[in-house]
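Undergrad: This is the structure I have questions about; it appears just below.
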Amino acid sequence: MTLPAVLLSEEEVQGRVTALAELMSDYIKPDCVGICLLTGGIWFAADLSRALNRAGRDIAFDALWLSSYTDNHESGAMLIRAPLQRSVEGRQVLIMDDVLDTGASLKIACEIAREAGASQVLTAVFACKPDPMKDGKARDMEADFSAWEAPARYLVGYGLDDGGRFRALPYVGVMD
């Protein structure tokens, strides 16, 4: 199996996550609940949570599993495959995901957190891709924090996948 070409090395990935945590640390409150969007957000959420801890901000941790696609195609319908397990009532929430593309899953996650009573909802993504402008409309929302402005390329690694493959690569690679 040929591995994808490296676009952003493991060291560059970790450097960007550390820099983002330092930037975000003044915004994170003591009661913050970090919510990882599964499945792609696992790597970024784990690294960002540890980097925030090193920056003096310890956050509680939860996950939300949303899905709008299978390994083969996007369905368009957003499914909640696993809801929040921790109460966020009256607490600050930090939603963490691997990539911002259309913004659909991030928007739904924010709505879920607000409906669950979060006092404030912040969002952080590792990669922010250029706005895809589907049907002439801008993406559903923007992230509050982003570690990397990604190019409009077919990216894999560090949570990003190709039909379920290459998510666990410690770097960001390209498939095009």
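Undergrad: Please arrange Tyr158, Tyr27, Tyr171 by accessible surface area, largest first, computed with a 1.4 Å probe and ligands excluded.
TA: Ranked from most to least accessible, the order is Tyr27, Tyr171, Tyr158.
Undergrad: Among Lys107, Lys134, Lys29, whose mean-square fluctuation peaks in a Gaussian network model of the chain (Cα, cutoff 10 Å)?
TA: The residue that fluctuates most here is Lys134.
Undergrad: Find how much the distance from Gln120 to Ala46 grows on full extension, using 0.36 nm per residue of separation minus their present alpha carbon separation; answer in nm with one decimal.
TA: In short, 24.5 nm is gained.
Undergrad: With runs of 4+ DSSP H residues as the only contributors, calculate the mean residue ellipticity of the chain at 222 nm using -39,500 (n - 2.57) per run, divided by the residue total and rounded to the nearest 500.
TA: -7000 deg cm²/dmol
Undergrad: Now a separate question. Would you calculate the volume per residue, in Å³, of the smallest convex hull containing every Cα atom of the chain?
TA: Here the figure is 112 Å³ per residue.
Undergrad: Just need the relative contact order of the chain here, percent rounded to a whole number, with Cα pairs under 8 Å and 6+ apart.
TA: 25
Undergrad: Another question, if that's okay. As an exercise, identify the GluC sites (Glu not before Pro) in region 89-173 lying in DSSP coil whose Cβ has no more than 16 other Cβ atoms within 10 Å.
TA: Answer by residue number: Glu89, Glu142.
Undergrad: Can you give me the long-range amide H partners of Val99? Hydrogens built in the peptide plane at 1.01 Å from N, cutoff under 5 Å, separation of 5 or more residues or another chain.
TA: HN-HN under 5 Å from Val99: Phe126, Ala127.
Undergrad: Among the DSSP beta bridges whose two residues both lie in the chain, what percent are antiparallel, rounded to the nearest 5?
TA: Around 35 percent antiparallel, to the nearest 5.
Undergrad: Net charge within 12 Å of Pro30 by Cβ-Cβ distance, Lys/Arg positive one each and Asp/Glu negative one each, not counting Pro30 itself?
TA: +1
Undergrad: Taking only Cα atoms of region 102-152, what ratio of Rg to Rh do you get with Rh as the Kirkwood inverse-distance radius?
TA: Radius of gyration over Kirkwood radius for region 102-152 works out to 1.01.
Undergrad: To the nearest 20 debye, what is the magnitude of the charge dipole of the chain about its Cα centre, counting +1 on the Cβ of each Lys and Arg and -1 on the Cβ of each Asp and Glu?
TA: The calculated dipole for the chain is roughly 240 debye.
Undergrad: In addition: Which length gain, in nm to one decimal place, applies between Asp144 and Val174 when the Cα-Cα distance is subtracted from 0.36 nm times their residue separation?
TA: Answer, rounded to one decimal: 8.3 nm.
The values are calculated or read from the model by the stated rules, or taken from the named source; none is laboratory data. Here the structure is a predicted model, which means the values were calculated and not measured. Positions of Cβ are backbone-derived with ideal geometry, glycine not excepted, and every protein chain shown enters the neighbour counts. Just the protein is used for accessible areas: all its heavy atoms, side chains included, with ligands, DNA and RNA removed. Shrake-Rupley method; radii C 1.70, N 1.55, O 1.52, S 1.80 Å.
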